[in-house]
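The values are calculated or read from the model by the stated rules, or taken from the named source; none is laboratory data. Given the structure is predicted, the values throughout are model-derived calculations rather than measurements. Cβ sites come from the backbone with ideal geometry, for glycine too, and all protein chains shown count toward neighbours. All accessible areas refer to the heavy atoms of the entire protein, side chains included, with ligands and DNA or RNA removed. Shrake-Rupley method; radii C 1.70, N 1.55, O 1.52, S 1.80 Å.
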Amino acid sequence: SSELLRIRVENNTLYTGVGPIAAPVSVGSGQMTIASSSITGNTVTSAMSDAYGGGVIVGGAAAKLDIVNSTIANNRASGTSAIGGGILSINNGSVFVRDSTVTGNTLKATISAQGSNLYNDASMSLEDTIVGEPALQSAGVVDSGTDVKPIVFSGRNLISDETCGLATPNRVIG
């Protein structure tokens with residue numbers, strides 16, 4: 001297992017003209033912990049294909065990521081389809097977010113945009129975390145905001161809207 005403590009992944013630009021592209025922080029196997037860190041202002045763009053995760057992507061049967069006391073904010077995924085502007089969990093990956101903030105992440109897509117801040121197609125849990133207003137920019141495509149699998153919420157979370165599948169609306173602010 002690996003631990004990244006007090007790191008900053010900020011203001012990076014990843015671009016491809018043809019194929020799909022993924023987030024600047026990618027966990028494909030093994031276990032990683034990101035603590036007291038910042039993943040902000042990154043841009044992931046595919047001119048003619050899909051963009052997966054503007055900030056973080058976790059995917060793979062043995063991939064597990066814990067994010068603790070960190071900020072995932074103002075990242076952008078842009079492509080024909082854009083999924084998971086902040087954090088994306090796919091292909092049996094597992095994400096646990098605690099005492100963190102996920103806000104202002106953006107999607108821009110010509111066909112499909114899903115999950116401006118969070119998108120879960122595997123396993124995702126949030127505990128004592130703030131999920132702020134997504135900064136949706138989707139070129140005429142509406143962010144469906146729906147996840148293939150529900151996100152598990154525990155502790156006290158502040159959520160700005162119900163698009164990430166919050167089971168108890170009394171925890172929603174705004």
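What the table shows:
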item	result
Condition check for R98: surrounded by fewer than 21 Cβ atoms within 10 Å (Cβ to Cβ), in contact with a Leu (Cβ under 9 Å, 6 or more places away or on another chain) and of a type in the set (K, R)	yes
Subset of the range 21-30 (residues that are open to solvent by 20 Å² or more (accessible area, probe 1.4 Å) and touching a strand residue (DSSP E or B) at 6+ places or on another chain (Cβ under 6 Å))	I21, A22, P24, S26, G28, S29
Every residue from the range 52-61 that is farther than 17 Å from L118 by Cβ and either open to solvent by 20 Å² or more (accessible area, probe 1.4 Å) or of a type in the set (V, I, T) (or both)	A61
Candidates S38, S49, S78 - the one that is over 11 Å from the mean Cα position of the chain (by Cα) and buried (at least 24 other Cβ atoms within 10 Å of the Cβ)	S78
Elements of type strands (runs of 3 or more DSSP E) contained in the range 1-84, each with 2 or more residues being in contact with a Pro (Cβ under 8 Å, 6 or more places away or on another chain)	43-46, 50-52
Residue check, I83 in contact with a Ser or Thr (Cβ under 9 Å, 6 or more places away or on another chain) and open to solvent by 10 Å² or more (accessible area, probe 1.4 Å)	yes
Residues satisfying the stated conditions in the range 85-126, i.e. assigned to a loop (DSSP other than H, G, I, E, B) and at pLDDT below 95	G85, G86, N91, N92, G93, G104, N105, G115, S116, N117, D121, A122
Checking A62 against (1) over 26 Å from E3 (Cα atoms); (2) at pLDDT below 90; (3) of a type in the set (A, V, I, L, M), the condition it does not meet	(1)
Matching residues, the range 86-95, being open to solvent by 30 Å² or more (accessible area, probe 1.4 Å) and on the phi < 0 side of the Ramachandran plot	I90, S94
Tally, over the range 88-132, of residues that are under 19 Å from Y52 (Cβ atoms) and of a type in the set (V, I, T)	7
Set T13, T33: member being open to solvent by less than 50 Å² (accessible area, probe 1.4 Å) and either more than 21 Å from G60 (Cα to Cα) or out of contact with any helix residue (DSSP H, G or I) (no Cβ under 9 Å at 6 or more places or on another chain) (or both)	T33
